[in-house]
1. Working only within the range 305-323, note down all residues that are part of a strand (DSSP E or B) and either surrounded by fewer than 22 Cβ atoms within 10 Å (Cβ to Cβ) or away from the ligand (no atom under 16 Å from the Cβ) (or both).
2. Out of everything in the range 118-139 that is surrounded by fewer than 24 Cβ atoms within 10 Å (Cβ to Cβ) and among the small types (Gly, Ala, Ser), what residue ends up being nearest to the ligand (Cβ to nearest atom)?
3. Please determine, by comparing only the residues of the range 189-210 that are of a type in the set (A, V, I, L, M, F, W, C) and farther than 21 Å from THR305 by Cα, which one is surrounded by the most Cβ atoms within 10 Å (Cβ to Cβ).
4. Where the second residue is more than 13 Å from the ligand (Cβ to nearest atom) and in a helix (DSSP H, G or I) and the first is basic (Lys, Arg) and lies in the range 122-150, which pairs have Cβ atoms under 7 Å and are six or more apart or on separate chains?
5. Pairs, please: C-beta under 6 Å, at least 6 apart or cross-chain, first residue closer than 27 Å to ILE271 by Cα and in the range 165-186, second of a type in the set (Ser, Thr, Tyr) and within 11 Å of the ligand (Cβ to nearest atom)?
6. Inspect all residues belonging to the range 359-368 and state whether any of them is closer than 19 Å to PHE149 by Cβ and surrounded by fewer than 24 Cβ atoms within 10 Å (Cβ to Cβ).
Amino acid sequence: MGKALIIGAGGVGRVVAHKCAQNPDVFEEIIIASRTLSKCDELKKELDGGKTKVHTAQVDADKTEEVINLINRFRPDIVINVALPYQDLSIMEACLATKTDYVDTANYEPPEVPKFEYKWQWAYKEKFEKAGITALLGSGFDPGVTGVFTAYAQKHYFDEIHYIDILDANAGDHGYPFATNFNPEINIREITAPGSYWEGGKWIETKPLEIKRTFNFPEIGYMDIYLLHHEEIESLAKNIKNVKRIRFWMTFSQKYLTHLQVLQNVGMTSIEPIEFEGKMIQPLQFLKAVLPDPATLGPRTKGKTNIGCIFRGIKDGKPRNYYVYNVCDHQECYKEVGAQAVSYTAGVPAMIGAMMVLTGKWKKPGVFNVEEFDPDPFMDALNKNGLPWKEDFSPEIFN
Ligand code: NDP
């Protein structure tokens, strides 16, 4: 049916490539392109011999011209951007120039400002409409599946959703004193930033990790959860009518937070460049270089993730609560695709998002977030592609 260009061959890129190859009727050909060609070639070796034809290429996606040349060389139907958030705009520009559909998993963040917002990408709406191409933003798990869960709850169970709590638990243990489960730079920037949630039509800002609760996660047990700013809050606040409050929660162990605190106190998480032996370096990028590469955590990580949403609202005039979530096992993911569950839960929905666009189910001109489309085919595809979900109509509620 189609040809996909995957940009980025890290943890998530690996999962996307494997999952595309598991759906050869939709993805007849894939091109895996990244800054380091050897990573793409390694993946190709794993995938060759299947029905999907695999190509590789080197690209610096910060340079729009290089991405345009790559697209012109292979003529893909869609670009799946699983590089870093910094490349979103240059890749979207290349898609516009070549009239190619676009999918990503994280919203644009300027490298020099630790603030991620949709405004830069939403600004492309008219241009994508005029070009007749689709941009699907944030098709990972969170953002991504969390938005699809919301659209599904809205479509099937609620007249009005009033409260949304997104809960992201990772009970995986990799055996290292400190390591991040995905790109350390992106991860640490996210956690050390102020928190925020949406209430009463406006943002309420908190200090980093200021608000803490405890939640009993199905198949995991009790864990501490901390309120974070997260990008899907912004799009859900815009797209879900009558919503009163949206919050995002993530689990962190005390050990993780203590390490982070020390690193912060000594200045290692700063993105302000400093001079070191005559060279300007960014402490956070240096820290990334000394921490374990998330790609190497796969074989060591044991345990499960649980990501889902609790909704509260009304149906037929009566109050209703609804919890929908996915549980994923790190070791099972590793056995299947050679990556742990954090990459797996982001990569599978990126493939499904591309599948929705390629098969025409989610194809319309413009720039969209996932909750703006019919959730049903996406929810079906989650069940078929390794991320089955479960429902609970009387979940634990916390304030
Ligand atoms: P990794 O750091 O493991 O991989 C990033 C990949 O992008 C690497 O292959 C890297 O190449 C490549 N890359 C970086 N810069 C460029 C560039 N300028 N040109 C071409 N390639 C480039 O990250 P992850 O795989 O963990 O994450 C990928 C994306 O997924 C990120 O945007 C992250 O925020 C997002 N994500 C989304 C989630 C969700 O649920 N929505 C969850 C987890 C991640 P090289 O190795 O050569 O440097």
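1. Our first condition is that a residue be part of a strand (DSSP E or B); within the range 305-323, this holds for 305-315, 318-323.
Selection gives ILE310, PHE311, ARG312, GLY313, ILE314, LYS315, LYS318, PRO319, ARG320, ASN321, TYR322, TYR323.
2. My answer is ALA123.
3. Going through the range 189-210, the residues of a type in the set (A, V, I, L, M, F, W, C) turn out to be 191, 193, 198, 203-204, 209.
When the remaining residues are screened for being farther than 21 Å from THR305 by Cα, the result is 193, 198, 203-204.
Numbers: ALA193: 14, TRP198: 21, TRP203: 12, ILE204: 14.
Ranking the qualifying residues of the range 189-210, first place goes to TRP198.
4. Sorted first by the residue in the range 122-150, then by its partner, the pairs are LYS127/LEU96.
5. Pairs that qualify, where the first residue is closer than 27 Å to ILE271 by Cα and the partner is of a type in the set (Ser, Thr, Tyr) and within 11 Å of the ligand (Cβ to nearest atom), are ASN170/THR305.
6. Step one: of the range 359-368, the residues closer than 19 Å to PHE149 by Cβ are 361-362, 368.
Right, trim to surrounded by fewer than 24 Cβ atoms within 10 Å (Cβ to Cβ) and you get 361, 368.
Within the range 359-368, one or more residues are closer than 19 Å to PHE149 by Cβ and surrounded by fewer than 24 Cβ atoms within 10 Å (Cβ to Cβ).
One line per residue, one yes/no per condition, for (1) surrounded by 12 or more Cβ atoms within 10 Å (Cβ to Cβ); (2) basic (Lys, Arg); (3) at positive phi:
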{"position": "LEU228", "(1), (2), (3)": "yes, no, no"}
{"position": "ALA237", "(1), (2), (3)": "yes, no, no"}
{"position": "ILE240", "(1), (2), (3)": "yes, no, no"}
{"position": "ILE246", "(1), (2), (3)": "yes, no, no"}
{"position": "LYS255", "(1), (2), (3)": "no, yes, no"}
{"position": "MET268", "(1), (2), (3)": "yes, no, no"}
{"position": "GLU277", "(1), (2), (3)": "no, no, yes"}
{"position": "PRO283", "(1), (2), (3)": "yes, no, no"}
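Yes/no per residue for (1) touching a His at 6+ places or on another chain (Cβ under 6 Å); (2) buried (at least 19 other Cβ atoms within 10 Å of the Cβ); (3) in a helix (DSSP H, G or I):
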site: ALA151; (1), (2), (3): no, yes, yes
site: LYS155; (1), (2), (3): no, no, yes
site: PHE158; (1), (2), (3): no, yes, no
site: HIS162; (1), (2), (3): no, no, no
site: ASP165; (1), (2), (3): no, yes, no
site: ALA169; (1), (2), (3): no, yes, no
site: PHE178; (1), (2), (3): yes, no, no
site: ASN187; (1), (2), (3): no, no, yes
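The values are calculated or read from the model by the stated rules, or taken from the named source; none is laboratory data. Keep in mind that this is a model prediction, so the values were computed, not measured. Please note: Cβ atoms are built from the backbone with ideal geometry, for glycine as well, and neighbour counts cover all protein chains shown.
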